[in-house]
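Below: the structure, in structure tokens.
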Amino acid sequence: MTTTEKRTHDPVDISSLAFWSRPPDVREESFALLRRERPLSWHPPAETDLLPDPDAPGFWALVTHADITAVSRDAETFASGQQYGGVMLEDVPEDMLEGAHSILAMDAPRHHRLRKVISSVFTPRRVRRIEEQIAEQARLIVDDLLAQPGSADFVSAVSARLPMWTISEMIGIPEARRQEVADAANAMVAWNDPDYIGDGDPMAVLLGSLMTLHTTSFELSTARREEPADDLMTALVQAEVDGDALTDEEIAAFFVLLCVAGNDTTRQTSSHAILALDRDPGQRRLLAAEFQERIDPAVEEFVRWASPVLTFRRTATRDTEIRGQRIAAGERVVMFYHSGNRDESVFTDPHVFDITRTPNPHVGFGGGGPHFCLGSHLARAQLRSLFGELLTRVPDLSVGEPEWLAGNFINGIKRLPVTFGGGS
């Protein structure tokens, strides 16, 4: 479904690869202008090396908290499904939507059915066990950090390790395969960053990474049917709700989603948060001095500040309106979560990092509705455990300058040098 209506593109560039190669603070200048002067604006299609379409009309940019939450909660009018092209800012092949995006690129009733079956495996007992694993993993990661000679890359030594370790233990990925899976998951969100692609073809990198993750999932699901274990993969192959079970292909797609989204949400939030705490020593001292009392609101501020997922798109299923502007059936609307989390009409001093901020209705896990982040509880548990270890055991951690990931999907930090003198 596409619209043929011609519109004038907004002069503010939020579509080019050059724009998405800039640091977040620089990009925010453009979004602040749009929030202030044109909170709903029409833009050229995202520049891409994947499936460039010179005839694509463009998209509506949703940069305010109110518009992001309204569209998120109206899944009947604003669709995510594969027949509408999915949820990415740029177009991706249809078979990749099916194989990689799982419930992200689905609408009711299929979305409801699969999400219900997947949710059923996260029993209270399993969640408690995962939280215990997270606490132990965070402790061991900080042990390893302190064993290094006073300096490290925080991303590779800390923030990238915890989420993939959690996922690997949770789902039952053998240790010998974990690095391969982590590398494939990283490539799925970094296909347009030169550090990850080099001279390679972005589409080939994506497809190769997808094949690696699917092959791993198929091998695990087959093994667990033959020999069940106490892990999430066993629960997924055995799960059934109201007669509905998951196919191996559906399990593989969820496996990809878990490895990609479950990895980057915590990874990027951890990196952004340690950088913010370093740049504002007062906030760091406050959190360290009253950790148990402060950590829950602090975690919400970590997620707001990081906004680890930058964009998702929806497609209008029918003619509708936003801010009195006609949105034609088939037109795309793109939610810019980082902008929504800096909305001056919702957050007092939104450009100030404040661990005491309350209320904090951030859209870091989505703006509500049926696609609200399924793993938000586990992400919060990881952040609580990791920062509990860091603030008590590495009090002299000092953070250098970040190297930013280029791209319009993940608000990524590739490398973040840290130094420290010791701990316990």
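The values are calculated or read from the model by the stated rules, or taken from the named source; none is laboratory data. None of the values given here were measured: they were computed from a predicted structure. For neighbour counting, all protein chains shown are included, and Cβ atoms are generated from backbone atoms with ideal geometry for every residue, glycine included.
Restricting attention to segment 284-316, and to residues there that are under 17 Å from Leu62 (Cα atoms) and of a type in the set (S, T, N, Q), which single residue is surrounded by the most Cβ atoms within 10 Å (Cβ to Cβ)?
Per the criteria, the residue is Thr311.
Kindly indicate whether any position in segment 351-374 is in contact with a Gly (Cβ under 7 Å, 6 or more places away or on another chain), surrounded by fewer than 22 Cβ atoms within 10 Å (Cβ to Cβ) and of a type in the set (Phe, Trp, Tyr).
Yes, the conditions are met somewhere in segment 351-374.
Looking at (1) modelled with pLDDT under 80; (2) part of a helix (DSSP H, G or I), can you tell me which one Ser209 breaks?
(1) is the only condition that Ser209 fails.
Within segment 29-66, track down each residue that is of a type in the set (D, E, K, R) and crowded, with 18+ Cβ neighbours inside 10 Å.
If we filter segment 29-66 for residues that are of a type in the set (D, E, K, R), which is where we start, we get 29, 35-38, 47, 49, 53, 55.
Across segment 29-66, the qualifying residue is only Arg35.
When you look at Ser21, is it among the hydroxyl-bearing types (Ser, Thr, Tyr), over 18 Å from Glu344 (Cβ atoms), surrounded by 15 or more Cβ atoms within 10 Å (Cβ to Cβ) and under 24 Å from the mean Cα position of the chain (by Cα), yes or no?
Values: among the hydroxyl-bearing types (Ser, Thr, Tyr): yes; over 18 Å from Glu344 (Cβ atoms): yes; surrounded by 15 or more Cβ atoms within 10 Å (Cβ to Cβ): yes; under 24 Å from the mean Cα position of the chain (by Cα): yes.
It is true that Ser21 is among the hydroxyl-bearing types (Ser, Thr, Tyr), over 18 Å from Glu344 (Cβ atoms), surrounded by 15 or more Cβ atoms within 10 Å (Cβ to Cβ) and under 24 Å from the mean Cα position of the chain (by Cα).
Among the residues of segment 162-182, which ones are out of contact with any Lys or Arg (no Cβ under 6 Å at 6 or more places or on another chain), outside any loop (DSSP other than H, G, I, E, B) and in contact (Cβ under 8 Å) with a residue 24 or more places away in the chain? If you could, list the steps in order and put the result at the bottom.
Start the filter on segment 162-182 by keeping residues that are out of contact with any Lys or Arg (no Cβ under 6 Å at 6 or more places or on another chain), which leaves 162, 164-167, 169-182.
Next cut, outside any loop (DSSP other than H, G, I, E, B) only: 162, 164-167, 169-171, 175-182.
If the condition is that a residue be out of contact with any Lys or Arg (no Cβ under 6 Å at 6 or more places or on another chain), outside any loop (DSSP other than H, G, I, E, B) and in contact (Cβ under 8 Å) with a residue 24 or more places away in the chain, then Leu162, Met164, Trp165, Thr166, Ile167, Glu169, Met170, Ile171, Arg177, Glu180, Val181, Ala182 are the ones that fit.
Which of the numbered conditions does His362 fail, given that it passes all the others? Conditions: (1) more than 15 Å from the chain's Cα centre (by Cα); (2) in contact (Cβ under 8 Å) with a residue 12 or more places away in the chain; (3) farther than 27 Å from Ser151 by Cα.
Every listed condition holds for His362 apart from (1).
Run Glu98 past the list (1) over 30 Å from Met233 (Cα atoms); (2) in contact (Cβ under 8 Å) with a residue 24 or more places away in the chain; (3) of a type in the set (Asp, Glu); (4) surrounded by fewer than 21 Cβ atoms within 10 Å (Cβ to Cβ) and report the number of the one that doesn't hold.
Of the numbered conditions (1) over 30 Å from Met233 (Cα atoms); (2) in contact (Cβ under 8 Å) with a residue 24 or more places away in the chain; (3) of a type in the set (Asp, Glu); (4) surrounded by fewer than 21 Cβ atoms within 10 Å (Cβ to Cβ), the odd one out for Glu98 is (1).
Return the only residue of Val181, Val142, Val155 being crowded, with 20+ Cβ neighbours inside 10 Å, modelled with pLDDT of 95 or more and out of contact with any strand residue (DSSP E or B) (no Cβ under 8 Å at 6 or more places or on another chain). Outline the logic, then answer.
Numbers: Val181 fails: modelled with pLDDT of 95 or more; Val155 fails: out of contact with any strand residue (DSSP E or B) (no Cβ under 8 Å at 6 or more places or on another chain).
Only one candidate passes the filter, namely Val142.
Can you name every residue in segment 396-410 that is touching a helix residue (DSSP H, G or I) at 6+ places or on another chain (Cβ under 8 Å) and at pLDDT 95 or above?
Leu397, Ser398, Val399, Pro402, Trp404
Of everything in segment 59-68, what is closer than 12 Å to Ile322 by Cβ and assigned to a helix (DSSP H, G or I)? Give them in sequence order. Before the answer, list the steps.
Just the residues of segment 59-68 that are closer than 12 Å to Ile322 by Cβ, to begin with: 60-64, 66-68.
Once the filter is applied, which keeps residues that are closer than 12 Å to Ile322 by Cβ and assigned to a helix (DSSP H, G or I), segment 59-68 yields Ala66, Asp67, Ile68.
Give the residues of segment 23-42 that are touching a Phe, Trp or Tyr at 6+ places or on another chain (Cβ under 9 Å), without any contact (Cβ under 8 Å) to a residue 60 or more places away in the chain and not in a helix (DSSP H, G or I), sorted by residue number.
Ser41, Trp42
Is it the case, given these coordinates, that Arg267 is of a type in the set (Lys, Arg), under 29 Å from Arg115 (Cβ atoms) and in contact (Cβ under 8 Å) with a residue 12 or more places away in the chain? First the steps, then the outcome.
Values: of a type in the set (Lys, Arg): yes; under 29 Å from Arg115 (Cβ atoms): yes; in contact (Cβ under 8 Å) with a residue 12 or more places away in the chain: yes.
Taking the combined requirement at face value, the residue satisfies it.
May I ask you to say which residue of Ser72, Ser15, Ser41 is within 15 Å of Ser339 (Cβ to Cβ), over 22 Å from the mean Cα position of the chain (by Cα) and at pLDDT 95 or above? Let's see the steps before the verdict.
Working: Ser72 fails: over 22 Å from the mean Cα position of the chain (by Cα); Ser15 fails: over 22 Å from the mean Cα position of the chain (by Cα).
Exactly one residue qualifies, and that residue is Ser41.
Go through segment 217-234 and give me each residue that's among the hydrophobic types (A, V, I, L, M, F, W, C), closer than 24 Å to Met106 by Cα and buried (at least 21 other Cβ atoms within 10 Å of the Cβ).
Within segment 217-234, the subset among the hydrophobic types (A, V, I, L, M, F, W, C) is 218, 220, 223, 229, 232-233.
Filter again for closer than 24 Å to Met106 by Cα, leaving 218, 232-233.
Leu232, Met233 - these are the residues of segment 217-234 that are among the hydrophobic types (A, V, I, L, M, F, W, C), closer than 24 Å to Met106 by Cα and buried (at least 21 other Cβ atoms within 10 Å of the Cβ).
Considering only residues that are modelled with pLDDT of 90 or more and in a helix (DSSP H, G or I), which ones fall in segment 84-102?
Selection gives Tyr84 alone.
So if I check each of Arg393, Arg342, Arg415, which one is in contact with a Pro (Cβ under 8 Å, 6 or more places away or on another chain), surrounded by fewer than 22 Cβ atoms within 10 Å (Cβ to Cβ) and modelled with pLDDT of 95 or more? Before the answer, list the steps.
Numbers: Arg393 fails: in contact with a Pro (Cβ under 8 Å, 6 or more places away or on another chain); Arg342 fails: surrounded by fewer than 22 Cβ atoms within 10 Å (Cβ to Cβ).
One residue alone meets the criteria, Arg415.
Considering segment 377-409 alone, what residues qualify as being within 30 Å of Lys116 (Cβ to Cβ) and touching a Ser or Thr at 6+ places or on another chain (Cβ under 8 Å)? It would help to see each step written out before you state the result.
At the first step, the residues of segment 377-409 found to be within 30 Å of Lys116 (Cβ to Cβ) are 377-385, 409.
Matches in segment 377-409: Leu378, Ala379, Gln382, Leu383, Phe409.
Touching a helix residue (DSSP H, G or I) at 6+ places or on another chain (Cβ under 6 Å) and part of a helix (DSSP H, G or I): does that describe Ala185? Please lay out each step first, then the result.
Details: touching a helix residue (DSSP H, G or I) at 6+ places or on another chain (Cβ under 6 Å): yes; part of a helix (DSSP H, G or I): yes.
So Ala185 fits the description; yes.
Give the residues of segment 149-161 that are under 15 Å from Glu389 (Cβ atoms) and not in a helix (DSSP H, G or I), sorted by residue number.
Of all residues in segment 149-161, those under 15 Å from Glu389 (Cβ atoms) come to 152, 154, 157-159, 161.
Ala152, the sole residue that qualifies.
Out of Val333, Val352, I need the residue that is in contact with a helix residue (DSSP H, G or I) (Cβ under 8 Å, 6 or more places away or on another chain), at pLDDT 95 or above and not charged (D, E, K, R). Which one? Before the answer, list the steps.
Details: Val352 fails: in contact with a helix residue (DSSP H, G or I) (Cβ under 8 Å, 6 or more places away or on another chain).
None of the others qualify; the one that does is Val333.
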